[in-house]
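The values are calculated or read from the model by the stated rules, or taken from the named source; none is laboratory data. Just so we're clear, the structure is a prediction, and the values are computed from it rather than from any experiment. With ideal geometry, Cβ positions are generated from the backbone for all residues, glycine too; neighbour counts draw on all protein chains shown.
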Amino acid sequence: MNRQEGRVSKDDKGMRLDKWLALHDPSASREVWKKRIADRLVQVNGQEATPSKLLEPGDLVQISLPEEIADESPQAQAIPLQILYEDEWLAVIDKPAGLVVHPAHGHVEGTLVNALLNRYSRGLSDLSGRDRPGIVHRLDKDTSGTILIARDNQTHRLLADLFKRGDIGRFYEVVVKGTPDTDRGLIDAPIARGSVNRKKMEVSQGGKEARTEFELIDRLGQYAHLRCKLLTGRTHQIRVHLAYIGHPVLGDRLYGGRRRPGDPDYQLLHAAELSFIHPVTGRTLVCQSPLPDRFRPYLDREDPHGG
């Protein structure tokens, strides 16, 4: 029997148990989780529960899956990877836009994890779960660029600690709608899960601390090219913060607002650089990814809309 557990956060207060499970472990659909709950494979605070149980902050959700279910692990696939750095402890991958990081409902194959299993066999950490080997942090499907991979559990713990302390520099380049009033600034606004759409995040005074620095690289007519630095690591943080100040990421279908003719079908957000001190060797690493070709039409000063 494979056993897992997780605590309910204050952001998820009042959420149904089946919905919470599907949100936090999307490797199975909500309907599958309903069946698992009915089969008594899920408990809340040590007690059997129903799919409609409303959760409270601090509740302990416990999952016990038979091995035949738990062994539905992702498989290795020969998917090309662009390696920016690798050694026996960790790797930095240049992820293309459109590549999902780990298997989830609707994306059980063709993910970064499937590619990692092919390259590194079983030489990956498993602290994030059997379906997310090596994964220390995430990038959204449509965000390209640098992502850090742990090849053993001890290195994973050390890297996670660096992230927690803010000792990993994470820099993004982005094209946004409009131009900020200042050439550089700090967005300090807490982020929580959306009160209406739970798949979205939003600025909320009851949310978790979230801080993003930005610097103007270039003015592009009705757009602007920015460089952002993450000082915290909340879900969708840059996308939420830039939309909050009125300059959403160009092409962002979730937070970008009304689309105009000429807007791209992809979001122009790129994880351009990771910099940190190697937790094992002590070497300073600066891993950079050049801007992808999809940015080029929008870095020209001429407005694609003819304005």
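For region 116-124, the condition holds for no residue, the condition being that it is assigned to a strand (DSSP E or B), surrounded by fewer than 16 Cβ atoms within 10 Å (Cβ to Cβ) and not aliphatic (A, V, I, L, M). Taken as a whole, the condition of being within 22 Å of residue 273 (Cβ to Cβ), surrounded by fewer than 14 Cβ atoms within 10 Å (Cβ to Cβ), modelled with pLDDT of 95 or more and not hydroxyl-bearing (Ser, Thr, Tyr) does not apply to residue 151.
In this structure, residue 38 does not satisfy being of a type in the set (Gly, Ala, Ser) and crowded, with 17+ Cβ neighbours inside 10 Å. The residues on offer are 184, 151, 119, and the sole one that is under 19 Å from residue 84 (Cα atoms), of a type in the set (Lys, Arg) and in contact with a Phe, Trp or Tyr (Cβ under 7 Å, 6 or more places away or on another chain) is 151. When region 186-211 is filtered for residues that are in contact (Cβ under 8 Å) with a residue 60 or more places away in the chain and assigned to a strand (DSSP E or B), the ones remaining, listed by number, are 192, 193, 208.
Here residue 266 meets each of (1) under 21 Å from residue 149 (Cβ atoms); (2) touching a helix residue (DSSP H, G or I) at 6+ places or on another chain (Cβ under 9 Å) with one exception, condition (1).
Across region 73-80, not a single residue is classified as at pLDDT 90 or above, within 29 Å of residue 154 (Cβ to Cβ) and surrounded by 19 or more Cβ atoms within 10 Å (Cβ to Cβ).
Take the conditions (1) without any contact (Cβ under 8 Å) to a residue 40 or more places away in the chain; (2) assigned to a strand (DSSP E or B); residue 259 misses just one of them, which is (2).
Restricting region 231-245 to residues that are more than 16 Å from residue 188 (Cβ to Cβ) and at pLDDT 95 or above, the residue that is farthest from the chain's Cα centre (by Cα) is 239.
Give 140, 94 a once-over and let me know the one that is buried (at least 18 other Cβ atoms within 10 Å of the Cβ), of a type in the set (D, E, K, R), at pLDDT 95 or above and touching a Leu at 6+ places or on another chain (Cβ under 9 Å). The unique qualifying residue is 94. Of the residues making up region 262-279, those that are in contact (Cβ under 8 Å) with a residue 60 or more places away in the chain and over 20 Å from residue 216 (Cα atoms) are 266, 275, 276, 277, 278, 279.
Scanning region 212-230 for residues that are touching a helix residue (DSSP H, G or I) at 6+ places or on another chain (Cβ under 8 Å), assigned to a loop (DSSP other than H, G, I, E, B), buried (at least 17 other Cβ atoms within 10 Å of the Cβ) and modelled with pLDDT under 95 turns up nothing. Across region 87-97, which residue is farthest from residue 268 (Cα to Cα) among those that are touching a helix residue (DSSP H, G or I) at 6+ places or on another chain (Cβ under 9 Å) and part of a strand (DSSP E or B)? Of everything passing the filter in region 87-97, 90 is farthest from residue 268 (Cα to Cα). Taking the numbered list (1) outside any strand (DSSP E or B); (2) acidic (Asp, Glu); (3) at pLDDT 95 or above; (4) surrounded by 18 or more Cβ atoms within 10 Å (Cβ to Cβ) in turn, residue 167 passes all entries but (4).
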